[in-house]
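The following block contains the structure, expressed as structure tokens.
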Amino acid sequence: MDEAGVTKAAVVQASTAYGHDSSYLADAIARFPDRLTGVFSIDPLAPNAIEEFKRWTGCGMTGLRVFTTGTTMPGQQTWLADEAAYPVWQAAA
């Protein structure tokens, strides 16, 4: 990073490797808090979504990864506009 002139980088949680478990990323950020920030993912419809949101932001992560389909989420998901997810979007705002 130094050679490229990068002072801080955002690292994105690899959902295909760990799903919504951003522990590995949290460990990396804890080791290099001045050099890294993280982008985590959660299930916005999970009963504990707000607690998970607070958990990861409390670990120094500053971004929420939003994706609606992929290998860990086959088929187009509809939760982006689901009212049950609104508390997560409000927390992110």
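Nothing in this text is a laboratory measurement; each read-out follows from the coordinates by a stated rule. These numbers come from a predicted model, not from an experiment.
Evaluate the relative contact order of the chain (contact order divided by residue number), counting alpha-carbon pairs under 8 angstrom at least 6 apart; express in whole percent. Write out the running numbers ahead of the final one.
Numbers: 109 pairs, mean separation 25.1, N = 93.
Computed over the chain, the figure is 27 percent.
Restricting to the chain, compute how many DSSP beta bridges are antiparallel as a %, nearest 5. Don't skip to the answer; put the middle values down first.
Working: 1 of 8 bridges.
If I count the DSSP bridges inside the chain, around 10 percent turn out antiparallel.
Starting at the first residue of segment 88-93, write each ³J(HN,Hα) from the Karplus equation 6.51 cos²θ - 1.76 cosθ + 1.60 with θ = phi - 60°, in whole Hz, x for Gly and Pro.
Along segment 88-93, the couplings run 5, 5, 5, 5, 5, 5 Hz.
Amide H neighbours of V11 under 5 Å, at least 5 residues apart or on other chains, H built in the peptide plane: list them.
T37, G38, V39
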